[in-house]
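For reference, the structure is listed below as structure tokens.
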Amino acid sequence: MKRFLILFVVGVSALCAQTNTGELRLKVTDPAGLGAKATVDVSSDANEYRHSFVTDSDGAVVAKLLPYGVYRVRIQAPGFADMSETIEIHSALPLERTIELKLAAVSSSVSVSAQNTLVDPDQPGAVSQISASAIQNRLSSLPGRSLQDLVNSQPGWLYEGNAVLHPRGSEYQTQFVIDGIPLTDNRSPSFGPEIEADDVQSMSVYTAGIPAEYGRKLGGVIELNSLQDTQVGFHGQAVLSGGSFDTAGAFAQGQYVSGKNIFGASASGDMTGHYLNPVVPENFTNRGTTGDFSVRYERDFTPKDRLSLIVRHEISRYEIPNEHLQETAGQLQTADNFETMGIVSYQHTFSSDAVADVRGMIRDTANDLFSNAASTPVRAFVHNWFREGYFKASVSIHRGHHEWKFGVDSDNYFLNEHFRDTITDPSRFPPDTPPTFAFPTPDAPNAGQRPDFEQSAFAQDLIHLDNWTISAGLRWDHYQLLVNQNALSPRLAVSRYFPSSNLVLHFSYDRVFQTPSSDDILLSSSTSVTALSDTFLRLPVKPSEGNYYEAGLSKSFFGQFKLDANYFRRLVNNFADDDQLLNTAVSFPIAFRKSIIYGAEGKLELPTWHGLSGFSSYSYTVGNAWFPVTGGLFLGDNVANVTSQLTGHFPDSQDQRNTVRGRLRYQIAPRLWIAGGIEYDTGLPFKFDGDPAIALQQYGQKVFDRINFNRSRIKPSFLLDASAGADIYKSDRLNVRLQVDGENLGNVVNVLDFGGLFSGNAIGPARSFALRLAMTF
């Protein structure tokens with residue numbers, strides 16, 4: 001059972017504060033210079049971006065949140081020749097362009113540029129793009145993990161239990177950036193909130209070449225562009241879904257654009273009998289429900305000033321899965337989470353070469369864990385909450401070959417933790433374990449309260465020199481919770497484009513400073529925990545510091561295929577991991593002296609060719625962590641193990657070695673498609689210190705058959721899926737799509753984690769089917 005905490009967060013406003021997106025402001029005129037009504041199609045093969053716009057009465061149209069890259073702009077208007085032009089988006093500054101139409105009698109078509117958009121010649125590092133079409137036609141997901149499933153399809157990413165994402169061997173070091181707001185909480189169902197994929201337009205995924213703007217959690221950075229439509233009037237979508245495990249869900253989103261104002265609202269609700277990954281195939285006690293609503297207002301006071309306001313509230317309730325012995329005893333553990341958040345953002349454009357952005361965020365989050373009297377071997381109760389205040393200000397400046405960006409931010413958490421337990425089966429614990437424990441204690445009531453102050457400043461420059469592109473940056477971080485520490489982190493990414501072969505070679509170096517997880521860090525570091533055992537060791541958990549290196553290439557073949565291949569190496573001191581308290585669902589951070597993680601990745605993409613589209617990816621990862629332990633809480637016999645093991649290394653828990661993903665889609669007819677996919681994993685390592693006989697009673701023979709105890713690894717798994725979809729109704733105002741998915745068609749007992757007694761077990765879903773009905777209007 002992994003950490004149950006869920007912290008709900010919000011999708012936020014669509015300003016151009018995000019590092020990897022820009023904005024196109026286009027004006028279309030007739031030969032007399034008057035605004036013309038026209039259809040504008042913007043597309044990029046590399047980003048798989050395709051969107052149609054209609055100009056207003058003045059001939060103006062704005063395309064927001066365009067991922068960096070090369071775009072083809074095609075303009076069509078009655079009585080005028082079609083126009084086609086290629087543009088490049090590589091700056092947070094809005095790109096303004098005026099295009100004059102030609103009369104159809106003069107020319108039937110005007111092509112300004114025919115540059116291939118499959119490879120971005122100015123991208124300084126490797127960035128994985130997940131397009132709107134990939135999001136729209138994705139496999140169905142269980143509640144809480146729609147975006148995680150999309151990220152997990154990318155090379156270098158893998159799951160542990162409960163959809164915890166691990167980029168290139170990192171433990172809980174994933175950061176989501178939603179329209180410029182960084183969220184460093186763990187976003188998996190057992191730790192953090194769901195970010196609904198239906199509310200996202202596109203995604204950019206970094207694992208190297210990370211801009212200096214980003215810090216704190218740098219195993220991987222996932223930029224999300226929220227879904228929106230700049231067309232005048234009311235637009236939106238509604239999604240109904242259901243399938244195996246008594247799963248059902250509904251999502252609705254609407255947006256009204258009038259003049260300079262944008263009003264938006266969204267709401268969703270889900271229920272399932274398979275919320276977390278169960279610890280046994282029988283999927284005991286695993287019901288869960290989620291719900292949320294949000295409202296948003298955005299106004300362009302002038303062409304140079306934009307304000308956005310958002311309020312959101314979310315809730316989830318779910319059960320903690322049992323193993324066989326706990327189910328027989330009648331255990332029932334439940335958790336709930338509540339969050340309310342508010343965000344304000346303001347952007348001012350000084351000129352075509354300078355723009356500033358200021359934003360603030362406040363959120364309150366509370367979560368609880370309850371255990372009934374039959375819980376075994378321990379009854380645990382948790383009530384944690386925190387308030388977060390976030391502020392960020394940045395300015396972007398264009399000058400010659402340079403795109404400068406400077407900024408500061410402050411992220412402050414005010415943590416509050418409460419925990420108590422009662423031992424119900426003393427035979428599972430050392431004799432000196434107290435029958436009851438509570439934190440904070442009556443004599444130190446303030447021990448469960450403490451602020452976490454984190455500040456940063458950064459400067460970065462994106463330089464374009466002919467076929468060379470350089471991204472250079474420097475970041476300063478300050479962290480103050482258990483320790484007070486500062487760090488400077490230089491970043492550098494360099495690429496060279498070879499036009500004759502449509503090839504980009506790139507290299508990047510990232511210095512990283514990563515703050516520890518704050519989950520139950522006050523409890524694990526308090527003096528109160530010394531009451532849990534006569535033998536204990538408490539070490540302060542310090543931030544991780546390290547160096548990331550990557551070298552790779554991007555190349556297109558035959559104008560249809562794109563290949564990305566990379567070699568990476570990560571060297572990290574104070575390597576972050578986690579441990580559990582007294583076999584409960586409460587986890588806390590620990591650290592080891594260092595880690596070395598290296599590997600290679602490749603991805604072959606086919607955007608579209610004669611109705612076919614898809615991808616295949618391969619990852620090879622080797623990761624090791626070195627003793628001694630440098631941070632965390634250790635009790636009883638673990639103290640002797642920790643203090644005696646001062647040298648040597650071991651495979652880190654994400655050392656999977658070989659991972660293959662693939663999906664192929666075929667458009668049978670204009671409104672009908674089919675798809676199939678594969679997933680192959682060679683299995684994660686594990687350490688088992690328990691009694692095999694007891695573990696067999698807990699987890700059953702089906703789980704044991706998937707475990708290789710001689711190699712201390714889970715056996716490989718091979719999963720198949722299939723999908724079909726159809727546009728069952730399509731018009732200018734309404735589009736209705738139906739999709740059916742079948743997953744794990746071979747019904748493999750997919751053991752993701754095996755951690756021994758009462759910790760870490762996770763079983764993937766059995767064979768399942770799902771239906772999605774989506775309506776856009």
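Numbers at a glance
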| item | result |
| --- | --- |
| Search result, residues across region 570-605 that are farther than 30 Å from residue 334 by Cβ and of a type in the set (Asp, Glu) | 601, 605 |
| Residues within region 235-256 that are over 12 Å from residue 143 (Cα atoms) and of a type in the set (A, V, I, L, M), tallied | 4 |
| Qualifying positions in region 639-661 - surrounded by 17 or more Cβ atoms within 10 Å (Cβ to Cβ) and under 30 Å from residue 723 (Cβ atoms) | 654, 656, 657, 659, 661 |
| Unmet criterion (only one of (1) free of Cβ contacts under 8 Å to residues at least 60 places away in the same chain; (2) farther than 30 Å from residue 458 by Cα) for residue 421 | (1) |
| Count of region 466-480 residues which are surrounded by 14 or more Cβ atoms within 10 Å (Cβ to Cβ) and either polar (S, T, N, Q) or more than 18 Å from residue 216 (Cα to Cα) (or both) | 6 |
| Residue in region 316-326 that is out of contact with any His (no Cβ under 9 Å at 6 or more places or on another chain), surrounded by fewer than 17 Cβ atoms within 10 Å (Cβ to Cβ) and either charged (D, E, K, R) or assigned to a strand (DSSP E or B) (or both) present | no |
| Residues (in contact with a Lys or Arg (Cβ under 8 Å, 6 or more places away or on another chain) and farther than 29 Å from residue 280 by Cβ) located in region 705-736 | 725, 726, 727, 728, 730, 736 |
| Residue selected from region 600-626 under the condition among the hydroxyl-bearing types (Ser, Thr, Tyr) and more than 26 Å from residue 550 (Cβ to Cβ), by the criterion surrounded by the most Cβ atoms within 10 Å (Cβ to Cβ) | 613 |
| Residue check, residue 402 under 19 Å from residue 22 (Cα atoms) and out of contact with any helix residue (DSSP H, G or I) (no Cβ under 9 Å at 6 or more places or on another chain) | yes |
| Candidates 279, 378, filtered to the one that is within 28 Å of residue 419 (Cβ to Cβ), under 25 Å from the mean Cα position of the chain (by Cα) and among the hydrophobic types (A, V, I, L, M, F, W, C) | 279 |
| Near pairs, Cβ below 6 angstrom, 6+ apart or cross-chain, from region 692-718 (open to solvent by 60 Å² or more (accessible area, probe 1.4 Å)) to any residue that is part of a loop (DSSP other than H, G, I, E, B) and charged (D, E, K, R) | 715/706 |
| Condition broken by residue 455, with the remaining ones in (1) surrounded by 14 or more Cβ atoms within 10 Å (Cβ to Cβ); (2) out of contact with any strand residue (DSSP E or B) (no Cβ under 7 Å at 6 or more places or on another chain) satisfied | (2) |
| Filtered residue count, region 481-517, keeping only those that are open to solvent by less than 40 Å² (accessible area, probe 1.4 Å) and either of a type in the set (Asp, Glu) or not in a strand (DSSP E or B) (or both) | 7 |
| Qualifying residues in region 724-777 (those that are hydroxyl-bearing (Ser, Thr, Tyr) and farther than 22 Å from residue 159 by Cα) - the one nearest to the chain's Cα centre (by Cα) | 776 |
| Residues of region 653-703 satisfying the condition of being charged (D, E, K, R) and at negative phi | 655, 661, 663, 665, 671, 679, 681, 687, 689, 691, 702 |
| Unique residue being under 27 Å from the mean Cα position of the chain (by Cα) and either aliphatic (A, V, I, L, M) or farther than 25 Å from residue 550 by Cα (or both) when the list is 451, 440 | 451 |
| Check on residue 429, closer than 30 Å to residue 317 by Cβ, crowded, with 20+ Cβ neighbours inside 10 Å and not small (Gly, Ala, Ser) | no |
| Residues (open to solvent by less than 10 Å² (accessible area, probe 1.4 Å) and either in contact with a Cys (Cβ under 9 Å, 6 or more places away or on another chain) or in a loop (DSSP other than H, G, I, E, B) (or both)) located in region 188-206 | 188, 189, 190, 191, 192, 193 |
| Subset of region 521-554 that is crowded, with 20+ Cβ neighbours inside 10 Å and β-branched (Val, Ile, Thr) - its residue that is farthest from residue 477 (Cα to Cα) | 529 |
| Filtered residues of region 627-638 (kept if small (Gly, Ala, Ser) and surrounded by fewer than 21 Cβ atoms within 10 Å (Cβ to Cβ)) | 636 |
| Boolean, residue 338 is of a type in the set (Phe, Trp, Tyr) and open to solvent by less than 10 Å² (accessible area, probe 1.4 Å) | no |
| Matching strands (runs of 3 or more DSSP E) fully within region 1-113 where at least 1 residues are modelled with pLDDT of 85 or more | 21-29, 39-44, 49-54, 60-67, 69-76, 82-89, 95-100 |
| Residue 413 being open to solvent by less than 20 Å² (accessible area, probe 1.4 Å), over 19 Å from residue 526 (Cβ atoms) and either of a type outside the set (A, V, I, L, M, F, W, C) or out of contact with any helix residue (DSSP H, G or I) (no Cβ under 8 Å at 6 or more places or on another chain) (or both) | no |
| Flag for residue 584 being out of contact with any Leu (no Cβ under 6 Å at 6 or more places or on another chain), β-branched (Val, Ile, Thr) and open to solvent by 50 Å² or more (accessible area, probe 1.4 Å) | no |
| Count of residues meeting criterion [in a loop (DSSP other than H, G, I, E, B), open to solvent by less than 70 Å² (accessible area, probe 1.4 Å) and either free of Cβ contacts under 8 Å to residues at least 40 places away in the same chain or aromatic (Phe, Trp, Tyr) (or both)] in region 719-746 | 4 |
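The values are calculated or read from the model by the stated rules, or taken from the named source; none is laboratory data. Computed from a predicted structure; not experimentally measured. So basically every Cβ, Gly included, is an ideal-geometry build from the backbone, and we count neighbours across all protein chains shown. Keep in mind that these areas ignore ligands, DNA and RNA; they rest on the heavy atoms of the full protein, side chains included. Shrake-Rupley method; radii C 1.70, N 1.55, O 1.52, S 1.80 Å.
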